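Chemist: Have a look at the structure that comes next, please.
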Amino acid sequence: MSATTAVLADALPGSRARDVALVVGGAALVAVVGQIAVPLPFTPVPLTLGTFAVLLVGSALGPARAGASMSLFLLAALAGAPVLAGGGSGWAAASFGYALGYLPAALLAGALARRGADRSAGRMVAAAVAATALVYAAGVPWLMGFADLSLERALVLGVLPFLVGDVVKAAAAALLLPGAWRLLGTSGR
């Protein structure tokens with residue numbers, strides 16, 4: 001395998017206009033899908049599909065476009081747009097730390113896709129696990145400060161309830177992305 005391969009977005013015709021549309025579309029996808037939220041009574045962090053959207057955006061767009069897309073998403077949240085879970089925005093949201101983790105997660109998913117991780121289910125699961133870990137790496141410390149929690153309590157409230165869902169999201173990404181490549185009938189190189 002070459003060191004750099006195409007990502008799904010590279011299969012679309014166009015150049016700058018395509019890239020701008022993909023960056024804006026990726027941010028919008030994460031914002032809209034992140035609104036599918038299930039509040040959990042025992043934690044201030046809702047269960048959402050935001051991380052799943054980040055996995056798809058990162059892998060499909062590659063690191064540069066995905067990084068720009070998640071930066072746009074975060075800037076929108078900071079500007080007061082209701083893009084965070086439950087229509088939240090800004091620093092004062094319990095889920096903002098997880099949203100901060102979307103940027104490195106998308107960059108990693110994109111970089112791994114550029115190396116072909118999105119071509120097979122096993123490699124995509126590994127990429128999804130690694131990217132999701134980055135979301136938690138940002139989200140847990142934010143939750144600790146936001147809710148004045150110990151590390152142990154933040155892990156119980158901000159990680160454990162979401163692990164089963166993260167397994168499902170990783171499996172779905174591992175089906176969708178390699179499946180998209182198969183539909184295109186190309187290896188993307």
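Values quoted throughout were computed directly from the atomic coordinates according to the rules given, and no laboratory measurement underlies them. Just so you know, these numbers come straight off a predicted model, no measurement behind them. With ideal geometry, Cβ positions are generated from the backbone for all residues, glycine too; neighbour counts draw on all protein chains shown.
Chemist: Quick one: what pairs do we get from segment 33-62, first residue touching a residue at least 12 places away in the same chain (Cβ under 8 Å), second among the basic types (Lys, Arg) and crowded, with 19+ Cβ neighbours inside 10 Å, C-beta under 7 Å, 6+ apart or different chains?
Modeler: Listed by first residue and then by second, the contacts come to THR51/LYS169; PHE52/LYS169; LEU55/LYS169; GLY62/ARG114.
Residue by residue, here is whether (1) surrounded by 15 or more Cβ atoms within 10 Å (Cβ to Cβ); (2) not in a loop (DSSP other than H, G, I, E, B) holds:
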{"residue": "GLY90", "(1), (2)": "no, no"}
{"residue": "ALA93", "(1), (2)": "yes, no"}
{"residue": "ALA109", "(1), (2)": "yes, yes"}
{"residue": "LEU112", "(1), (2)": "yes, yes"}
{"residue": "VAL129", "(1), (2)": "no, yes"}
{"residue": "TYR136", "(1), (2)": "yes, yes"}
{"residue": "TRP142", "(1), (2)": "yes, yes"}
{"residue": "ALA154", "(1), (2)": "yes, yes"}
{"residue": "LEU157", "(1), (2)": "yes, yes"}
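Chemist: When both residues are 6+ apart or on different chains and their Cβ atoms are under 9 Å apart, which pairs have a first residue that lies in segment 152-170 and is within 15 Å of ALA37 (Cα to Cα), and a second that is of a type in the set (Gly, Ala, Ser)?
Modeler: Final answer for the pair search is GLY158/ALA94; GLY158/GLY97; GLY158/GLY139; GLY158/ALA147; ASP166/ALA128; LYS169/ALA128.
Chemist: If we keep just the residues of segment 114-127 that are free of Cβ contacts under 8 Å to residues at least 60 places away in the same chain and in a helix (DSSP H, G or I), which is surrounded by the most Cβ atoms within 10 Å (Cβ to Cβ)?
Modeler: Step by step, filter segment 114-127, then rank; the result is ALA117.
Chemist: Of all residues in segment 1-34, which are out of contact with any helix residue (DSSP H, G or I) (no Cβ under 7 Å at 6 or more places or on another chain) and part of a loop (DSSP other than H, G, I, E, B)?
Modeler: Passing the criteria: MET1, SER2, ALA3, ALA6, PRO13, GLY14, SER15.
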